[in-house]
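Enquirer: Below is the structure I would like to discuss, written out as structure tokens.
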Amino acid sequence: MEKSFYSKLFLIFFIIILLSSINLAIDNAAIQENSDVLNKKGLTGSASGSIIYIYVNSTIYDGINSSLTQFKSDLEKTGRQIIIFNHSPSGLGMFSDADFIRSYCATQFAISPLEGVIFVGRLPYVMYDLGQIFPCDLYFMDLDGTWTDSDGNHIYEGHSDGAGDRDPEIWLGRIDASTLNGSDINQEINALNNYFLKNHMYRNGSLRRPHRELVYIDDTWSADAAEWAGQSIYAYQNQTIIATNAITTDTHYENILTNTSYEMVHLFVHSYYYEHVWTPSGTTTTAEIRSIDTKPLFYVLFACSAADFSQTNNIATEYLFSNNTLAVIGSSKRGGLYEPEWFFRPLGQNKSIGYSLMRWFSDATLPSAGLNNPSNSYGMTIFGDPTLTILRGDPSQGNGGGGIPGFDFSLSLLAVLVLGIVIILEFRKDSINC
Ligand SMILES: [Ca+2]
Ligand SMILES: [Ca+2]
Ligand SMILES: [Ca+2]
């Protein structure tokens, strides 16, 4: 019996070594893949030592001054340098103002570690013509590609590598309450101060949700529900998938938004900028989002034009300033986050939302997404603070070795399970033998 016991002990030891090496191999593969892409771009996604510009519309600057001070302080705790600009329109028009900001960022990016830009209040944007004319924030993200307005009508219709590439170098986020329906300046200031308060609460841990994603898919995309959900597993292993055509209705969706069980909502539904349109019937309007006590923190809206910030009463802005919301990722035109895997992969590695969307533009591999498909992708933008991560408001806190993303966790679990079964079987046999 003693000899048998030692051989079993050896077997257990062997299994532990085997599973550990599989684990290590997969970890190394993930790191290798990541560093390859990073080397290509010369980017690290690291917050520490980077610089963020915050442009604030001068009309609301004084009204949100104390919120900005807190926000700056919170960001500085992550090791970043924060530079705030009190921005007044030049009088030359939005097209020129946008060019002025982008040119300055491009110049600074060449000589400093500029990570991204946050626009607070109404700041300039440019329109791009792809058959549909839409506001295009990729303009501020790609600092070394060439944007062309051939006919001089102040609408871009060309984007090429130029001396650099079309890939984004920095991220951009808008925190703009000016398009809320009926918003006057006091309401706008109030909405912004509320936003920065919840942002601070998320960072200090007083605003939290279970680390769970709601994947809510209306009829048009429901047949591929498993694939859509699978692409966000890199960031959320805990998912609730609702994709039964008869269940996905306006009222069901609106009710589920009041549930405190979800950190992230990944929504697939036909939309106009002012409402979601459900199949076969029903709508969720901006006014309804305003009236709902929404509980989730983050939204990815696969919902055409929902993030068209050139429009008053756009629904993504309503989501952002609704109750607990911290960030909304959506499209200002027809299209959306195809191949979401390339967004959720870095997000699950505790990279920021801004960095994750930036990488998605470059890394999405299929013809339907990223830079491969301007028509689907060039409207993608972020409402809210792009420095946020899904694990902590403060990326420097990391995941505490909690093993959140992907294979590491599941294989460790597998190792424990297999080990447990082997031990139980072996010792049961031993007890029988004895
Ligand atoms: Ca033009
Ligand atoms: Ca570029
Ligand atoms: Ca439905």
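Enquirer: Which one of these is exposed (fewer than 14 other Cβ atoms within 10 Å of the Cβ) and closer than 26 Å to N190 by Cα: S103, S88? It would help to see each step written out before you state the result.
Expert: Values: S103 fails: closer than 26 Å to N190 by Cα.
Checking each option against the conditions leaves just S88.
Enquirer: Can you confirm whether the range 148-160 contains a residue that is away from ligand 1 (no atom under 14 Å from the Cβ) and more than 17 Å from D308 (Cα to Cα)? Steps first, answer last, please.
Expert: Taking the range 148-160 first, the residues away from ligand 1 (no atom under 14 Å from the Cβ) are 160.
With the extra rule that they be more than 17 Å from D308 (Cα to Cα), the set shrinks to 160.
Yes, the range 148-160 contains at least one residue that is away from ligand 1 (no atom under 14 Å from the Cβ) and more than 17 Å from D308 (Cα to Cα).
Enquirer: Would you confirm whether any residue within the range 168-179 is touching a strand residue (DSSP E or B) at 6+ places or on another chain (Cβ under 6 Å), farther than 24 Å from R359 by Cβ and not in a loop (DSSP other than H, G, I, E, B)?
Expert: Looking only at the range 168-179, we keep the residues that are touching a strand residue (DSSP E or B) at 6+ places or on another chain (Cβ under 6 Å), and these are 170-175.
Still in the running and farther than 24 Å from R359 by Cβ: none.
Checked against the condition, which is being touching a strand residue (DSSP E or B) at 6+ places or on another chain (Cβ under 6 Å), farther than 24 Å from R359 by Cβ and not in a loop (DSSP other than H, G, I, E, B), the range 168-179 yields no hits at all.
Enquirer: Inspect all residues belonging to the range 168-181 and state whether any of them is farther than 26 Å from G370 by Cα, modelled with pLDDT under 95 and not hydrophobic (A, V, I, L, M, F, W, C). Give the derivation first.
Expert: Initial filter on the range 168-181 (farther than 26 Å from G370 by Cα): 177-181.
Now drop any that are not modelled with pLDDT under 95, which leaves 181.
The next check asks that each one be not hydrophobic (A, V, I, L, M, F, W, C); those that pass are 181.
Checked against the condition, which is being farther than 26 Å from G370 by Cα, modelled with pLDDT under 95 and not hydrophobic (A, V, I, L, M, F, W, C), the range 168-181 yields at least one hit.
Enquirer: Only residues that are hydrophobic (A, V, I, L, M, F, W, C) and surrounded by fewer than 19 Cβ atoms within 10 Å (Cβ to Cβ): list them for the range 220-232, please.
Expert: At the first step, the residues of the range 220-232 found to be hydrophobic (A, V, I, L, M, F, W, C) are 221, 223, 225-226, 228-229.
Answer for the range 220-232, where residues must be hydrophobic (A, V, I, L, M, F, W, C) and surrounded by fewer than 19 Cβ atoms within 10 Å (Cβ to Cβ): W221, A223, A225, A226.
Enquirer: Would you tally the residues in the range 255-281 being over 19 Å from L297 (Cα atoms), out of contact with any strand residue (DSSP E or B) (no Cβ under 6 Å at 6 or more places or on another chain) and surrounded by fewer than 18 Cβ atoms within 10 Å (Cβ to Cβ)?
Expert: Final tally of qualifying residues: 4.
Enquirer: I've got another one for you. Is it fair to say G173 is closer than 24 Å to D363 by Cβ and within 16 Å of ligand 2 (Cβ to nearest atom)? Talk me through it step by step, then tell me what you get.
Expert: Numbers: closer than 24 Å to D363 by Cβ: yes; within 16 Å of ligand 2 (Cβ to nearest atom): no.
It is false that G173 is closer than 24 Å to D363 by Cβ and within 16 Å of ligand 2 (Cβ to nearest atom).
Enquirer: Being without any contact (Cβ under 8 Å) to a residue 24 or more places away in the chain and either of a type in the set (K, R) or at negative phi (or both) is the filter here; which residues of the range 67-95 pass it?
Expert: As a first pass, look at the range 67-95 and keep what is without any contact (Cβ under 8 Å) to a residue 24 or more places away in the chain: 69, 72-73, 76, 90-92.
Selection gives T69, K72, S73, E76, S90, L92.
Every residue, every condition in (1) within 16 Å of ligand 3 (Cβ to nearest atom); (2) over 20 Å from the mean Cα position of the chain (by Cα); (3) not β-branched (V, I, T), yes or no:
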residue: A110; (1), (2), (3): no, yes, yes
residue: P113; (1), (2), (3): no, yes, yes
residue: V117; (1), (2), (3): no, no, no
residue: Q132; (1), (2), (3): no, yes, yes
residue: L143; (1), (2), (3): no, yes, yes
residue: H154; (1), (2), (3): no, yes, yes
residue: W171; (1), (2), (3): no, no, yes
residue: N194; (1), (2), (3): no, yes, yes
residue: N199; (1), (2), (3): no, no, yes
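Enquirer: How about the range 149-170: which of its residues are of a type in the set (G, A, S) and within 16 Å of ligand 2 (Cβ to nearest atom)?
Expert: Going residue by residue through the range 149-170, those that are of a type in the set (G, A, S) are 150, 152, 158, 160, 162-164.
Passing the criteria: G158, S160, G162, A163, G164.
Enquirer: Let me confirm something: among M127, M141, which residue is aliphatic (A, V, I, L, M), touching a residue at least 40 places away in the same chain (Cβ under 8 Å) and within 16 Å of ligand 1 (Cβ to nearest atom)? Working first, answer last.
Expert: Numbers: M141 fails: within 16 Å of ligand 1 (Cβ to nearest atom).
On inspection, the qualifying residue turns out to be M127.
Enquirer: Next up: Restricting the first residue to the range 152-165 and requiring it to be in contact (Cβ under 8 Å) with a residue 60 or more places away in the chain, which pairs with a second residue that is away from ligand 2 (no atom under 15 Å from the Cβ) meet a Cβ separation below 9 Å and a spacing of at least six or different chains?
Expert: H154/G93; H154/M94; H154/F95; H154/S96; H154/V126; H154/M127; H159/Y128
Enquirer: With the structure loaded, tell me whether A229 is away from ligand 1 (no atom under 16 Å from the Cβ) and over 21 Å from the mean Cα position of the chain (by Cα) or whether it fails that test. Even if it seems obvious, please write down each step before you answer.
Expert: Working: away from ligand 1 (no atom under 16 Å from the Cβ): yes; over 21 Å from the mean Cα position of the chain (by Cα): no.
The answer is no for A229.
The values are calculated or read from the model by the stated rules, or taken from the named source; none is laboratory data. In this text the structure is predicted, and so the values were computed from the model without any measurement. Positions of Cβ are generated from backbone atoms using ideal geometry, with glycine treated the same way; all protein chains shown enter the neighbour counts.
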